[in-house]
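The values are calculated or read from the model by the stated rules, or taken from the named source; none is laboratory data. Note that the structure is a prediction, hence the values are computed from the model and not measured. Backbone-built Cβ (ideal geometry, glycine too); neighbour counts: all protein chains shown. All accessible areas refer to the heavy atoms of the entire protein, side chains included, with ligands and DNA or RNA removed. Shrake-Rupley method; radii C 1.70, N 1.55, O 1.52, S 1.80 Å.
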Amino acid sequence: MVRRTKEEAQQTRCHIMNTALDLFCRQGLAKTSLTDIARVADLTRGAIYWHFKNKEELFIALWEELCAPLSHQLDASLDPQEPDPLGRLRTFLHSALIKITRDPGHRQMFAIMFSLETIEGEALFLREHTRQQSQGFTQDLERSLANAVRRGQLPASLDLARAATLLHCTLDGYILNWLHFPERIDLAGEADYLLDCLFIQLRHMPPTRPRDAK
């Protein structure tokens, strides 16, 4: 009986999260309340609050469920002992792009995260959360590239911060444009070509210049 109760609680939690993700994506994070989620999920507000104390906690739980496991795939390229950090980084980025295109939940989460920059009010905390995660991802990219430089896979002259920013911004731009114009951009079909271009560019980036150069 106890096991059944735990399973039912977990099923309810998953149902709440799936409903919230759909509503956040369709209505916007700021315009969706826990009451809305309870109504659409056909649950009482008490059932929602038993699992999540507020909307912010619910959103972060969604991020942990969808994005954290994906980001952990980057760990191999962060390991200084990894003999092929650049290959591991490419494998991770390719997997991430394919996951976004094929998994509706990941696609919805990325759409929500990109929309947070225009949000105001109670959801500002969530915007700051996603900014921190984004900054952390750029730092991880920089560490991965540093490992590749140490292994001789990239030139020692590579400006790591600029290269990491180039990767992050280019990938974000492709994903964002794909979300808005899926009929124009075949993200899954273009994933290998996109990464080929980026990794060739990493190997041939111009020498570092002073950042304040005119």
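Okay, residues lined up against (1) open to solvent by less than 50 Å² (accessible area, probe 1.4 Å); (2) modelled with pLDDT of 95 or more; (3) part of a helix (DSSP H, G or I):
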residue	(1), (2), (3)
Glu7	no, no, yes
Phe24	yes, no, yes
Leu29	yes, no, no
Trp50	no, no, yes
Lys53	no, no, no
Glu57	no, no, yes
Ile60	yes, no, yes
Leu86	yes, yes, yes
Thr101	yes, no, yes
>> When you check Met109 against the structure, is it assigned to a helix (DSSP H, G or I), of a type outside the set (Gly, Ala, Ser) and open to solvent by 30 Å² or more (accessible area, probe 1.4 Å), yes or no?
In response: no
> In the list Lys6, Lys55, Lys31, which residue meets the criterion of being over 25 Å from Asp140 (Cα atoms), touching an Asp or Glu at 6+ places or on another chain (Cβ under 9 Å) and charged (D, E, K, R)?
Replying inline: Lys55
>> When the residues of the range 62-81 are narrowed to those that are in a loop (DSSP other than H, G, I, E, B) and under 17 Å from the mean Cα position of the chain (by Cα), which ends up surrounded by the most Cβ atoms within 10 Å (Cβ to Cβ)?
In response: Leu74
> In the range 140-157, what count of residues is obtained for those that are surrounded by 15 or more Cβ atoms within 10 Å (Cβ to Cβ) and either modelled with pLDDT under 95 or under 21 Å from Glu65 (Cβ atoms) (or both)?
Replying inline: 1
> Would it be correct to say that Ala188 is open to solvent by 30 Å² or more (accessible area, probe 1.4 Å) and among the aliphatic types (A, V, I, L, M)?
Replying inline: yes
> Does Ser95 count as open to solvent by 10 Å² or more (accessible area, probe 1.4 Å), part of a helix (DSSP H, G or I), at negative phi and at pLDDT 90 or above?
Replying inline: yes
